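A short worksheet on the structure shown next.
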Amino acid sequence: MKTLMKSITKKLFYTAPKSMQKNHLEFSDEQINNLRNSLEKNYLDRGDTKSKLSKEEYNSAINGQLFERLYYNRNRIAPWLNSIKDLNGARVLEIGCGTGISTLALSEQGAKVTGIDVDEGALNVAKDRMKMAGFDTELHLMNADEIKENFDDKKFDFIIYYAVLEHMTIEERLSSLKQAWDMLPEGGFLSVIETPNRLWYFDSHTAAMPFYDWLPDDLAFHYSKFSQRKNFQDSYKKELNDENRVNFARWGRGASYHEFEIAIAPLKDLNVVGSLMQFEKTTLLKAGFKGMRYIKFLKSLKRNLHTGFCNPYLDIVLKK
């Protein structure tokens, strides 16, 4: 049944319009093999990562980087953003471009992407991926709270935080979001993608435990020993000092509307113009009946709270 549901979900919701599909590039076996080599050299085989993964997990990670995540971005993220503003010719600053999967999916649709990331190995893969695809993409090794000093003279239609806000400290989040909002022109869009919602009752991103994102950081640090995810559990059987506190935050802590109110504007003035689950009409499928009731409950507690701030993950677009 679970396999069937995945198949139905993919067929119903994960297909880009034909007008966008025609822009999807085809890669030769040689190109795919070269990209795999880059992934192994620069990204997956660093440190003791490989030794911690079973052969099945390792191959799954490779397959995800080569195919699954690209399919996801081509058929979900790109069509969603394109429904808000035509990506063809759009100027995009992608914060957290990683290995360039989403960068490629956006570039295929004509977006002019500038990508940044703090992971040099991931950036090296992104450079190889984009070069293989024939794009001369601007990619920078940079922290998200350094964007204004480096790009203040550039104009962007989209500034996108892709699966990255949750890996930043609170200070970094507030600083970066404020900088991004200041940089956007009137009518520009700020998007947050795949960031776990602090308000949601289950943390599926990091600890795989209920109520985990509700805990204060210091308590969550100590409580991590109860996680069923062994690599996460084992990482914090150590003292809580400044270095470990930052490393712990990098694993991923949920965000909520509170950061946006502090960095940008009061909730009533935040113009949320897009939510991925609403665009795909997948709220029931993703959240289930229990989740739908919980979303309704959250909205009943806070006036002006957009549904996008109530879903399990923050996949939202704000318009300036």
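What to note about this one:
- In this entry, Leu123 passes the filter for residues that are touching a residue at least 24 places away in the same chain (Cβ under 8 Å), more than 21 Å from Lys320 (Cβ to Cβ) and surrounded by 22 or more Cβ atoms within 10 Å (Cβ to Cβ).
- Filter pass, Gly89 being assigned to a loop (DSSP other than H, G, I, E, B) and among the small types (Gly, Ala, Ser): yes
- Against the conditions (1) in contact with an Asp or Glu (Cβ under 8 Å, 6 or more places away or on another chain); (2) under 17 Å from Val317 (Cβ atoms), Trp181 satisfies every one except (1).
- All positions within segment 184-208 that are touching a residue at least 40 places away in the same chain (Cβ under 8 Å) and of a type in the set (A, V, I, L, M, F, W, C): Leu184, Phe189, Leu190, Val192, Ile193, Leu199, Trp200, Phe202
Conditions (1) part of a helix (DSSP H, G or I); (2) modelled with pLDDT under 90; (3) loosely packed, with under 13 Cβ neighbours inside 10 Å; (4) not hydroxyl-bearing (Ser, Thr, Tyr), marked per residue:
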{"position": "Leu4", "(1), (2), (3), (4)": "yes, yes, yes, yes"}
{"position": "Ala16", "(1), (2), (3), (4)": "no, no, no, yes"}
{"position": "Met20", "(1), (2), (3), (4)": "yes, no, no, yes"}
{"position": "His24", "(1), (2), (3), (4)": "no, no, no, yes"}
{"position": "Gly47", "(1), (2), (3), (4)": "no, yes, yes, yes"}
{"position": "Glu57", "(1), (2), (3), (4)": "yes, yes, yes, yes"}
{"position": "Asn63", "(1), (2), (3), (4)": "yes, no, yes, yes"}
{"position": "Asn75", "(1), (2), (3), (4)": "yes, no, no, yes"}
{"position": "Ser102", "(1), (2), (3), (4)": "yes, no, no, no"}
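- Residue check, Lys55 farther than 24 Å from Ser275 by Cβ and of a type outside the set (Val, Ile, Thr): yes
- The residues of segment 146-171 that are acidic (Asp, Glu) and surrounded by fewer than 19 Cβ atoms within 10 Å (Cβ to Cβ), listed by number, are Glu146, Glu149, Asp152, Asp153, Glu171.
- Criterion: in contact with a strand residue (DSSP E or B) (Cβ under 6 Å, 6 or more places away or on another chain), acidic (Asp, Glu), closer than 30 Å to Thr283 by Cβ and at pLDDT 95 or above - qualifying residue of Glu108, Glu94: Glu94
- Across segment 299-316, the number of residues qualifying as touching an Asp or Glu at 6+ places or on another chain (Cβ under 9 Å) and among the aromatic types (Phe, Trp, Tyr) comes to 1.
Okay, residues lined up against (1) on the phi > 0 side of the Ramachandran plot; (2) modelled with pLDDT of 90 or more; (3) within 18 Å of the chain's Cα centre (by Cα); (4) crowded, with 19+ Cβ neighbours inside 10 Å:
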residue	(1), (2), (3), (4)
Ala207	no, yes, yes, yes
Pro210	no, yes, no, no
Asp213	no, yes, yes, yes
Ser227	no, yes, no, yes
Asp234	no, no, no, no
Ala255	no, yes, yes, yes
Lys268	no, yes, no, no
Phe289	no, yes, no, no
Pro312	no, yes, yes, yes
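The values are calculated or read from the model by the stated rules, or taken from the named source; none is laboratory data. Computed from a prediction, not measured in an experiment: that's the story for all the values here. No Cβ is skipped: glycine too gets one built from the backbone with ideal geometry, and neighbour counts run over all protein chains shown.
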